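The values are calculated or read from the model by the stated rules, or taken from the named source; none is laboratory data. Source: prediction; values computed, not measured. Please note: Cβ atoms are built from the backbone with ideal geometry, for glycine as well, and neighbour counts cover all protein chains shown.
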Amino acid sequence: MTTVTDPASPSPSPSPSSTPEPNKRSLLILFATETGNAQNVADQIARQCRRIAFECRVLSIDEFSAPDLLFEPLVIFVIATTGSGTEPRSMSSIWAQLLRSDLPPDLFEDLSFAVFGLGDTAYEKFCWAAKKLARRLGSLGAREICERGEGDDQHQLGLDGALQPWTETLIATLLTLHPLPPGAEIIPKNSIPPARVAIDDAPEKTTKNVIGAPKPVDLLQTDRTFHTAIVRENTRITAEGWYQDVRHLEFEFERQDDIRYDPGDVALIHPIAPPAEIQDFLELMYWDDIADTPITITRAMKDQSLPDHLPLHPQRTTLRTLLARQIDFRAVPRRVFFRYLRYFTSDDREVETLDDWLSPAGADDLYEYCHRPRRTIHEVMTEFRHVRIPREYIFDVLPPLRPRQFSIASSNKAHPNKIQLCVAIVKYRTKLKVPRQGVCTSYLAELQPGDQLRIAIQKGLLTLPPSPATPVICIGPGTGIAPMRALIQERIHHGSASNTLYFGCRSAAKDEHYATDWAGFVARQQLVYRVAHSRDGKEGEARVYVQDRIKEDAPGLWRLLEEGAWVFISGSSNKMPAAVKAALADAVEEEGGYEREAAVRYVDEMVRHGRLLEECWS
């Protein structure tokens, strides 16, 4: 067998925690996720593989490396794709290893694999990361055992529209390649899966029906990747009465020299659910009498993932604490949630409704009930009053409360031991006219100066040019300004004055974020600032966006591109990134004299060579 090593790592050796035991009917499922959807899909695939007597290990792909794959005979990859077509951050390390040019073409000749991708056809590069991974593994000798699956969030059934038939194909393929062992039988589809944990009362005093008691066990305190931060500022930077509340937040870290980050890096923040909402949900679930009973949690199913920082036995916790820190009962449920309701209801009418929704013919009805109006789990449970979910199924039925990512809006050089964020507080009304608030942004909005929280720093997708003399062109409308602000502050700290910023907002008076900062940099000749106010024009005039400003500046932009300028795009990953790249191609075509196809290739080559980078989100 050929060996591959990571230049920064010792020679590979199989890890006891991640390597299958000899003679075991086992497979590995690796997921790469940004929002947790790929992890949920990996769990579903593992449950189906268990039905045909496979032992599965479900792991995040960042727990693995390319050398580790040499010891795996069978791997299922579940790979999400960001809006810009980039792989999730958790996949960056192994992907860089797999792209090494010195890897032999038969490196993974002993590896069989399958890939399920998660994407959204509303974006330009659908399931791009999954496609790239499948092609690269094939070029290194691995054998793809079934056609790649591609889940589309735009499908009427969501990801399940592709996942369900793909999983059936996978199961049939696995049974062909690995027939059931003697005496084994296929577990029926409608069997209730075993709970992934066991929960036991802990021998300790009980405090009942007191909101907030006992005090939650904050295991983030023991995680060295998280740092204690103190809120120094929480200021609204959009005009009072404006439709959107955007905040500038500043956090200072408890220990000096405790934090290091680069432009484009991301702050990771765990929200905490409001006590009143927790109490309401506990009563709805008939858990209020046991909400504060100390419990211990023991992992029961090793092929199912669990929330981060979950206090496992012998540590104690309570159901109230789990709902505060670990469980997202305000999420819009996925289809699998309704399958569990079907298992645990005692009412014939609820059974009939759920059977209808879970059938192919009832998909429209489920969409109209749940997904179109964005009903939350909390709201669904108010209508299915005969459902009794056993507490040991809490992690099977209810999704984890995941940390949220926020692009850092400051330079570590300009603001040592601090980070600043630019956060839009999410508030909207559903089709049912029900007001909604973002889980984490509403938590951040309530923070006061002096409050403490735990923050981790995650590596971002942006890289600065090696030389401060290299021109940069930054495009960051709305809260996409956050990483652009960090990048510009960093560049100016290093003495660079060749910085151009395109910012887009609705109104100069209402939501031109950090206008005073930009004016100061312009006055000191450290920045060229171009802003598009899309709603400030006269009635009847066409709205102006950042791509329009780029088109207006085509001659100057072409000169910068010819000088080797790097381009950075940040913001919503809907139509904006594609429109900006099209405007850049226009400049190349009109000012550089390129044919249209060649101009588009010019921009694509900038992406390929790392001169055009995106930090976009949906």
Qualifying positions in the stretch 220-251 - within 22 Å of the chain's Cα centre (by Cα), in contact (Cβ under 8 Å) with a residue 40 or more places away in the chain and surrounded by fewer than 16 Cβ atoms within 10 Å (Cβ to Cβ): 223, 225
Count - residues of the stretch 355-378 that are of a type outside the set (Lys, Arg) and touching a residue at least 24 places away in the same chain (Cβ under 8 Å): 10
Test: residue in the stretch 362-382 that is at pLDDT below 95 and of a type in the set (Gly, Ala, Ser): yes
Residue match in the stretch 326-346 (condition: on the phi > 0 side of the Ramachandran plot, free of Cβ contacts under 8 Å to residues at least 60 places away in the same chain and of a type outside the set (Lys, Arg)): no
Hits in the stretch 444-472 - residues which are buried (at least 19 other Cβ atoms within 10 Å of the Cβ) and outside any strand (DSSP E or B): 444, 460, 461, 462, 464, 471
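Every residue, every condition in (1) within 18 Å of residue 190 (Cβ to Cβ); (2) out of contact with any strand residue (DSSP E or B) (no Cβ under 9 Å at 6 or more places or on another chain); (3) not assigned by TED's automatic domain parsing to the domain that holds residue 439; (4) not polar (S, T, N, Q), yes or no:
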| residue | (1), (2), (3), (4) |
| --- | --- |
| 328 | no, no, yes, yes |
| 358 | yes, yes, yes, yes |
| 364 | no, yes, yes, yes |
| 375 | no, yes, yes, yes |
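Examine the stretch 344-364 for a residue that is of a type in the set (Lys, Arg), under 25 Å from residue 35 (Cα atoms) and either in contact with a helix residue (DSSP H, G or I) (Cβ under 9 Å, 6 or more places away or on another chain) or outside any loop (DSSP other than H, G, I, E, B) (or both), and state whether such a residue exists.
no
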Selection count, the stretch 89-103, where residues are among the acidic types (Asp, Glu) and in contact (Cβ under 8 Å) with a residue 12 or more places away in the chain: 0
Criterion (of a type in the set (Gly, Ala, Ser) and in the same structural domain as residue 319 (by TED's automatic domain parsing)) met by exactly one of 410, 346: 346
Tally of residues being assigned to a loop (DSSP other than H, G, I, E, B) and surrounded by fewer than 22 Cβ atoms within 10 Å (Cβ to Cβ) across the stretch 380-398: 6
Test: residue in the stretch 328-339 that is farther than 19 Å from residue 195 by Cα and of a type in the set (A, V, I, L, M): yes
